[in-house]
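Scroll down for the structure; my scribbles are underneath it.
The values are calculated or read from the model by the stated rules, or taken from the named source; none is laboratory data. The structure displayed is predicted, hence computed values, not measured ones. Cβ placement follows ideal geometry from the backbone for every residue including glycine, while neighbour counts extend to all protein chains displayed. Accessible surface areas use protein heavy atoms only, side chains included; no ligands, DNA or RNA. Shrake-Rupley method; radii C 1.70, N 1.55, O 1.52, S 1.80 Å.
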Amino acid sequence: MAKHSVKCILAIAAAIASGAVIAEPRPTVVELYTSEGCSSCPPAEAFMGVLAQRSDVLPLSFHVDYWDNQGWHDRFSSSDATRRQHVYASKLHHDSVYTPQAIIDGHSDVAGSGNSAILKELATPHEGVATHMAIDAQYLDVSVAAQPGGKRSDVLLIGYLHEATSHIGRGENSGRTLQEFNIVRSIMRLGSWNGSNCSFRIPLSSLPPDATHAAVLLQAWGQGPILGAASLAITARD
């Protein structure tokens with residue numbers, strides 16, 4: 001993961017003095033761990049397309065690379081996605097990883113094909129640390145609000161492709177045409193958050209050329225629960 005310079009403004013005292021609101025409604029983050037080589041994954045990927053139409057959900061499809069030696073190389077596969085899934089497996093006390101797997105808000109998992117179980121997890125609105133994104137010329141601006149006593153967290157920038165069609169030539173899905181949604185193309189750690197108001201300015205050129213959207217996740221240190229999230233479409237680029 002790449003690191004970027006961060007400008008942090010200490011504002012805890014000001015937040016306390018002003019009585020500023022430190023939480024706001026946020027989308028529930030659903031991370032799908034999937035692969036084009038997995039025959040059980042297409043229904044889960046299709047459901048991500050359904051979730052992508054909801055404003056209260058941020059679905060992100062992480063294509064792992066451990067299926068790539070099973071007859072078909074997934075063009076979206078990433079070792080970063082595989083590493084991230086292994087960390088979750090350790091934290092959730094699983095002996096191994098699997099696909100399709102859905103991680104809800106960084107703290108629980110269900111089978112990625114279990115639509116009803118996922119919907120049950122989404123039934124309750126979520127609040128979190130105010131996290132915002134904006135595009136200014138050729139830059140992406142990210143801000144995370146102050147929260148006195150906030151847990152040490154990582155600020156992650158995710159570049160993703162909203163939709164793709166893939167024709168599969170080999171492996172378990174040979175001959176199928178897959179529709180895939182919110183495909184993660186990059187994972188970057190921007191810096192740390194410790195309860196202070198922080199801002200980041202990132203060149204759009206640092207995102208992959210095929211990324212159509214960007215998301216920011218505020219995630220408790222050690223890949224813990226998601227505390228804040230936001231996303232937007234990339235409308236300008238060099």
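Out of (1) assigned to a loop (DSSP other than H, G, I, E, B); (2) open to solvent by 30 Å² or more (accessible area, probe 1.4 Å), the odd one out for residue 146 is which?
Result: residue 146 passes all but (2).
Exactly one condition in (1) modelled with pLDDT of 95 or more; (2) closer than 17 Å to residue 40 by Cα; (3) in a strand (DSSP E or B) is not met by residue 74; state its number.
(3)
Among (1) surrounded by fewer than 18 Cβ atoms within 10 Å (Cβ to Cβ); (2) within 17 Å of residue 156 (Cβ to Cβ); (3) touching a Ser or Thr at 6+ places or on another chain (Cβ under 9 Å), which single condition is residue 134 missing?
Of (1) surrounded by fewer than 18 Cβ atoms within 10 Å (Cβ to Cβ); (2) within 17 Å of residue 156 (Cβ to Cβ); (3) touching a Ser or Thr at 6+ places or on another chain (Cβ under 9 Å), only one is false for residue 134: (2).
Grab the strands (runs of 3 or more DSSP E) fully contained in the range 166-237, keeping just those with 1 or more residues being touching a Phe, Trp or Tyr at 6+ places or on another chain (Cβ under 6 Å) and farther than 14 Å from residue 156 by Cβ. First the steps, then the outcome.
Values: elements: 177-193, 197-203, 213-220, 226-233.
Counting at least 1 such residues, we get 177-193, 197-203, 213-220.
Which number in (1) open to solvent by less than 20 Å² (accessible area, probe 1.4 Å); (2) more than 18 Å from the chain's Cα centre (by Cα) marks the one condition that residue 179 misses?
(1)
Checking the conditions here, which among 33, 66 is aromatic (Phe, Trp, Tyr), part of a loop (DSSP other than H, G, I, E, B) and touching a helix residue (DSSP H, G or I) at 6+ places or on another chain (Cβ under 8 Å)? First the steps, then the outcome.
Values: 33 fails: part of a loop (DSSP other than H, G, I, E, B).
After ruling out the rest, the residue left standing is 66.
Residues 54, 75, 83: which one is more than 30 Å from residue 235 (Cβ to Cβ), open to solvent by 10 Å² or more (accessible area, probe 1.4 Å) and of a type outside the set (S, T, N, Q)? So that I can check it myself, show each step before the final result.
On the way: 54 fails: more than 30 Å from residue 235 (Cβ to Cβ); 75 fails: more than 30 Å from residue 235 (Cβ to Cβ).
After ruling out the rest, the residue left standing is 83.
This table checks each residue for (1) out of contact with any strand residue (DSSP E or B) (no Cβ under 7 Å at 6 or more places or on another chain); (2) modelled with pLDDT of 95 or more; (3) crowded, with 22+ Cβ neighbours inside 10 Å.
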position: 151; (1), (2), (3): no, no, no
position: 166; (1), (2), (3): no, yes, no
position: 189; (1), (2), (3): no, yes, no
position: 207; (1), (2), (3): no, yes, yes
position: 210; (1), (2), (3): no, yes, no
position: 214; (1), (2), (3): no, yes, yes
